[in-house]
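Shown next, in structure tokens, is the structure this report addresses.
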Amino acid sequence: MKTKLMISLLVVCSAIVAVAASDPVLMTINGKEIKLSEFEYLYQKNQQQQVDKETLDQYVDRFVTYKRKVADAEAAGLDTTAAFKKELEGYRNDIVSQYLVDSTAIEPLIQQSYERMKSFVNVDHVMYYRGRDYADQLRNKARMDSIRGLLVAGEPWDSVALKYSIDPSVTRNNGHYNFIGANMFPIEFEDVVYTTPVGEISQPFKTSYGWHIVRVNDKRPNDGSVHAAHILFMFPRGQEVTAEQKAAILARADSVYDLLVKGGDFAELAKQYTDDKGTAQRGGDLGWFGRNRMVKPFEEVAFNQADGQISKPVETRFGYHIIKTLGHKPIESLDDSRAVIKNAMSHDKRSKAPVQARIDQKKADYGFKANPAADKQLLALLKANGGYDSTFVHEVAAKSNLALYTYDKTQKFTLAQVASKLNDKMKLDAANAVDYIHTVAEPLADDAVHEYYVNNIYRDNKDFRNLLNEYRDGMLLFEVSNRRVWEGAAKDTLGLKNYFETHRDQFAWTAPHFKGIILKADNDSTMQAVKADIAAYRGDSLTTMLHQKYKSKIRMERIPAMAQGENKVVDYLFFGASKKSAADKRYTEFMTLEGGLIDQPQGYEDVKGQVTSQYQDYMEQAWLKELEQKYPVNINRKVLKKMK
């Protein structure tokens, strides 16, 4: 026992060492480990984005600073706020969707569908009820097995189909579908049709519509599409057409055909005589269509005629048609067919293929497998209960921790996890109940693996982990930098003032600036009236009086310190620019209401942008020195050499 334990411990330890060796710790910052994979990810991304490439050592220095700032944000608790957690969770949900699908699973299905589109399959069909529940489905499956036995024994398909098939079209086609193509029927039906050898009868199979049996009679190449027009002479609707009525309608059709033979214009005659009002104004033009889009007699004539050829009247269940074939073209290329194929796939189980492919991959990664002892134990539980019934569902299954499947070494999918989805209204014998339980359990187990993968994706997927960490640290870096430097400096009015006073010489001007209030007027009359009011005014609030009296005829604008070239009105009033350059559609007259030229800044407000920028740099440097003291860094140079 001791020897076995030692061997087990050695295996576990070896695995841990192997994982650690594959992604060693590159550095620790304030005791927090930074793995080589994270550093490599950010370094490679930085190299791709930089115009002037950094050396590795230069990037290490910048990376350390970046991580120290993140550590400072964490120390301030910025990663614990509700707003931060909400934004990070939103981003996580956005990016996790990229890892829940295997997009490579789509292309093989597109290729498969296109290959099927290259041919048509002639099939016979019998359909029977699906069943209300699993027990009912078993009974109907047994009925279909018997029906298949009749067909295999040589019973005529027509008589069997007419007697048993619930397909609504059976009274019209006696169970013979003729040639059908891809993307015309449910994918479960199509899969059987295209995989059953010619001359054979399929086993019963199930779709959402019911149970089916098909016989494949023949396959032929897809001959593409045809462009056709027609003139329709319609049979009366909603009543049985008599021989006399048919004869009269055919006579009309023949008379128009005679006009065509004598050189009549097909489009013009269609507009005049056709009963198909939907195509009349287009001269009977039906556009391009492929096989199985028109009734068979019409389709055969349209495809088999030469381009430009006009048929004699052709009878269908709708009436008599004179058909003109306008052109033929082969099946479209794969690229041109992609949109049609993808649209068809979006409406059936193939739309879930990328998700299912990812689940299958993770099941393989996790060593997902059925518990080999589960069926035997499940059978025993069922027999002890006397079979499958509501008591078994609620009293046995719901309380059982029997593992049906295991994955990722320690994870189990149990019978209890299935119980809530089991139908408690059915009665089944033990053997069929085992199969039924697995039928219900398998998709639920897939869901469990999927959920487990999502919950552990940060642990298991290095790319996801690096991407999420980058976003998380970027959020913290922005917020802490904003508080400590950008917004912090902008709001520190006392600090800005003191910095300006201490470094006043750094903000000296080489040319005068205007600072004050400029008044604009809509015309000269308004400006003269304003000047007169200003000269006569003795109150305390001149600007209020002017606003109230002149309203939109004037505009007063407070100008911060501006040099020549920074404001057109200032340039006109103080630096010799033309009045025309200062005028706009609204205001043409200008005067100084308050202030004038100053040679040097009077306070930090006059050069606030420059002072704020330099003060931010000053605060940044002070912060960096603080970070160096607070957050020690230990770099493993041996690991770093792997990058070099």
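The values are calculated or read from the model by the stated rules, or taken from the named source; none is laboratory data. These numbers were taken from a predicted model, which means no experiment stands behind them. A quick note on method: Cβ atoms are made from the backbone with ideal geometry, for glycine too, and the neighbour counts reach across all protein chains shown.
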Checked pairs for segment 234-245, first not assigned by TED's automatic domain parsing to the domain that holds G319, second in a loop (DSSP other than H, G, I, E, B) and of a type in the set (A, V, I, L, M, F, W, C), C-beta under 6 Å and 6 or more apart or across chains, list as none
Given the criteria at pLDDT below 95 and touching a Phe, Trp or Tyr at 6+ places or on another chain (Cβ under 8 Å), does V226 qualify?
no
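Conditions tested, residue by residue: (1) of a type outside the set (D, E); (2) in contact with a Leu (Cβ under 8 Å, 6 or more places away or on another chain); (3) in contact (Cβ under 8 Å) with a residue 24 or more places away in the chain.
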{"site": "W157", "(1), (2), (3)": "yes, yes, yes"}
{"site": "I166", "(1), (2), (3)": "yes, no, yes"}
{"site": "G199", "(1), (2), (3)": "yes, no, no"}
{"site": "P204", "(1), (2), (3)": "yes, no, yes"}
{"site": "S208", "(1), (2), (3)": "yes, no, yes"}
{"site": "D218", "(1), (2), (3)": "no, no, yes"}
Reported set for segment 535-576 where residues are closer than 21 Å to D599 by Cβ and aliphatic (A, V, I, L, M) is I559, A561, M562, A563, V569, V570, L573
Residue hits (segment 531-582; touching a residue at least 40 places away in the same chain (Cβ under 8 Å), touching a Lys or Arg at 6+ places or on another chain (Cβ under 9 Å) and in a helix (DSSP H, G or I)) are V569
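Quick check on segment 168-179: of everything there that is surrounded by fewer than 19 Cβ atoms within 10 Å (Cβ to Cβ) and touching a residue at least 40 places away in the same chain (Cβ under 8 Å), which residue is farthest from R293 (Cα to Cα)?
Only one residue tops the list, namely H176.
Each row is one residue, and each column tells you yes or no for (1) touching a helix residue (DSSP H, G or I) at 6+ places or on another chain (Cβ under 8 Å); (2) under 30 Å from W623 (Cβ atoms).
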| site | (1), (2) |
| --- | --- |
| A431 | yes, no |
| V440 | yes, no |
| D447 | no, no |
| R472 | yes, yes |
| M475 | yes, yes |
| S481 | yes, yes |
| V485 | yes, yes |
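Given F514, F500, which one is surrounded by 15 or more Cβ atoms within 10 Å (Cβ to Cβ), of a type in the set (F, W, Y), closer than 26 Å to L597 by Cα and not assigned by TED's automatic domain parsing to the domain that holds F575?
Values: F514 fails: not assigned by TED's automatic domain parsing to the domain that holds F575.
Going through F514, F500 in turn, the sole match is F500.
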Contact list, first residue from segment 355-366 and surrounded by fewer than 19 Cβ atoms within 10 Å (Cβ to Cβ), second anywhere and of a type in the set (K, R), beta-carbon distance below 9 Å, six or more apart or interchain, is Q356/K349; Y366/K409
Exercise. If you check D424 against the conditions, is it without any contact (Cβ under 8 Å) to a residue 40 or more places away in the chain and farther than 12 Å from F368 by Cα?
Worked result: yes
Flagged in segment 280-323 as assigned to a strand (DSSP E or B) and over 28 Å from S119 (Cβ atoms), in numbering order, are D285, I310, E315, G319, Y320, I322
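Rundown of residues vs (1) modelled with pLDDT of 95 or more; (2) under 14 Å from E315 (Cα atoms); (3) surrounded by fewer than 18 Cβ atoms within 10 Å (Cβ to Cβ), yes/no style:
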| residue | (1), (2), (3) |
| --- | --- |
| V241 | no, yes, yes |
| L250 | yes, yes, yes |
| A253 | yes, yes, no |
| D258 | yes, no, yes |
| A267 | yes, no, yes |
| D276 | yes, no, no |
| V295 | no, yes, yes |
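Output the residues belonging to segment 180-211 that are farther than 13 Å from H125 by Cβ and not acidic (D, E).
From segment 180-211, those farther than 13 Å from H125 by Cβ are 181-183, 187-188, 191, 194-195, 197-200, 203, 206, 208; that's our starting set.
Of everything in segment 180-211, those that are farther than 13 Å from H125 by Cβ and not acidic (D, E) turn out to be G181, A182, N183, I187, Y194, T195, P197, V198, G199, Q203, K206, S208.
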Residues in segment 558-567 that are over 10 Å from I518 (Cβ atoms) and crowded, with 18+ Cβ neighbours inside 10 Å total 1
Selection over segment 167-179 where residues are in contact with a strand residue (DSSP E or B) (Cβ under 8 Å, 6 or more places away or on another chain) and over 11 Å from H125 (Cβ atoms) yields a count of 1
